[in-house]
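Worksheet: the structure to be examined is printed underneath.
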Amino acid sequence: MNYKLRKYDIRLVPKVQFAFWMIVRISIIICAVYSFFIEHDVVMGFESVFCLIFTHLWDMFQVFGSNSFIIEVPPLSQTMLNIIIFIGIVFGSYFGLFDKIWWFDNFMHVLSGFVSASFGYDFACIIQRKKGKCAATLAAIFSLMFAISIAVGWEFYEFAMDTLHGTNLQLAKQGAETAMVNLSKYRGEYGYYGLVDTMTDMIMNTIGGLIGMIFMIVLRNKKKKK
């Protein structure tokens, strides 16, 4: 069978969710333009561009997914991803909440883990659909591992940007991002503080993943009973 691009009906997306998608996409475009042409911040500019691409992930599933399982991913998964992007990029980065609120970064990692696990649970069920109903245990394990994998991927990104572009996303060296840090609590080493920051991010993602996993188990079991 020849591969073909699919046409899909945008009406498959609930109107409220679609309106939110548009708000997020327009906001991210504004952020990208602001970064590139006003602040001349290449890192934030490209981060905005990548996030804009991810706001179209569901659309790409529908167009390029042919007749594979990927087209069965519900629009709600894109909506949840857009929530993370909107809060993290617009409020966190551009309104500076990561710097102004000490717990905001941890909150974002917990939220990311929750959303990733929620998506991963349903994704596992979709993948297994042709082989019968996916066991709740298997879906739960997959959802948690999926959430942790997303966290690892993000830390890869931060490490790559710090190494190749000279940023300080992992807070492992002296700079404006670590100016207020009391190094005496971290063995007097920026490297150790960076390690603590990275591991804290991973732990928060895992906690969010566990919450998301339990939430999906309870939610899907309720639907089965109905």
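Bear in mind that the values in this text are calculations on the coordinates, not laboratory data. Only a predicted model underlies this, so the values are computations on that prediction, with no experimental measurement involved. Reconstructed Cβ throughout: ideal geometry from the backbone, glycine too, with neighbour counts over all protein chains shown.
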Inset, instruction - Kindly state, to the nearest 0.05, the FRET efficiency for Ile87 paired with Leu183, given R0 = 25 Å and r defined as their beta-carbon distance. - result: 0.25
Inset, instruction - Could you list Asp59, Asp9 in order of exposure, starting from the residue whose Cβ has the fewest other Cβ atoms within 10 Å? - result: Asp9, Asp59
Legend entry - Förster radius 30 Å - calculated FRET efficiency between Phe37 and Tyr192 (Cβ-Cβ, nearest 0.05): 0.20
Inset, instruction - Specify the residue with the greatest mean-square fluctuation among Met145, Met180, Met108, computed from a Gaussian network of the chain linking alpha-carbon atoms under 10 Å apart. - result: Met180
Inset, instruction - Between the alpha-carbon centers of the stretch 77-117 and the stretch 27-65, tell me the distance in whole angstrom. - result: 15
Inset, instruction - Would you mind ranking Trp21, Trp154, Trp58 by Cβ crowding within 10 Å, fewest neighbours first? - result: Trp154, Trp21, Trp58
Inset, instruction - Evaluate the distance, in nm, between pseudo-label points positioned 7 Å from the Cα of Ile127 and of Leu164 along their respective Cα→Cβ axes. - result: 2.6
Legend entry - Distance in nm between pseudo-label sites at Leu219 and Ile53 (7 Å out along the Cβ direction from Cα): 2.7
Inset, instruction - Sequence neighbours fewer than 8 away in the same chain don't count; with that in mind, list the aspartates and glutamates whose C-alpha is under 19 Å from Lys173. - result: Asp99, Asp105, Glu155, Glu158, Asp162, Glu189, Asp197, Asp201
Legend entry - Furthest towards positive pole of dipole, Gly175, Ser149, Val218, structure part the stretch 139-225, Cβ charges: Val218
Inset, instruction - Give the peptides 29-35, 93-99 in descending order of average Cβ contacts within 10 Å, highest first. - result: 29-35, 93-99
Inset, instruction - Name the residue, out of Val90, Val16, Val63, whose mean-square fluctuation peaks in a Gaussian network model built on the chain with Cα pairs under 10 Å. - result: Val16
Legend entry - Cα-projected label distance for Arg6 with Phe69, points at 7 Å along beta-carbon direction, nm: 1.4
Legend entry - Distance histogram in 10 Å bins (all Cα pairs of the chain, percent per bin): 7, 26, 34, 22, 9, 2, 0
Inset, instruction - Express in nm, to one decimal, how much length is gained between Met199 and Thr137 on full extension, taking 0.36 nm for each residue of separation and deducting their alpha carbon distance. - result: 19.6 nm
Legend entry - Degrees, to the nearest 10: 104-127 long Cα axis against longest axis of the chain: 20
Legend entry - Note, ³J(HN,Hα) from phi for the stretch 193-206, Karplus 6.51, -1.76, 1.60, rounded to Hz, x at Gly and Pro: 4, x, 5, 4, 4, 5, 5, 5, 4, 5, 5, 4, 4, 5
Legend entry - ³J(HN,Hα), Karplus 6.51/-1.76/1.60, whole Hz, each residue of the stretch 49-58, x for Gly, Pro: 4, 4, 5, 4, 4, 5, 6, 10, 4, 4
Inset, instruction - Using the structure shown, select from Lys7/Lys222; Lys4/Lys130; Lys133/Lys222 the pairs with a Cα to Cα distance greater than 28 angstrom. - result: Lys7/Lys222
Inset, instruction - Please report the relative contact order for the stretch 102-226, taking Cα pairs under 8 Å with a sequence separation of at least 6, and give it as a percent rounded to a whole number. - result: 41
Legend entry - Relative contact order (percent, whole number), the chain, Cα cutoff 8 Å, 6+ residue spacing: 20
Legend entry - Where N is the number of residues in the stretch 1-106, Cα Rg divided by 2.2 N^0.38 Å: 1.24
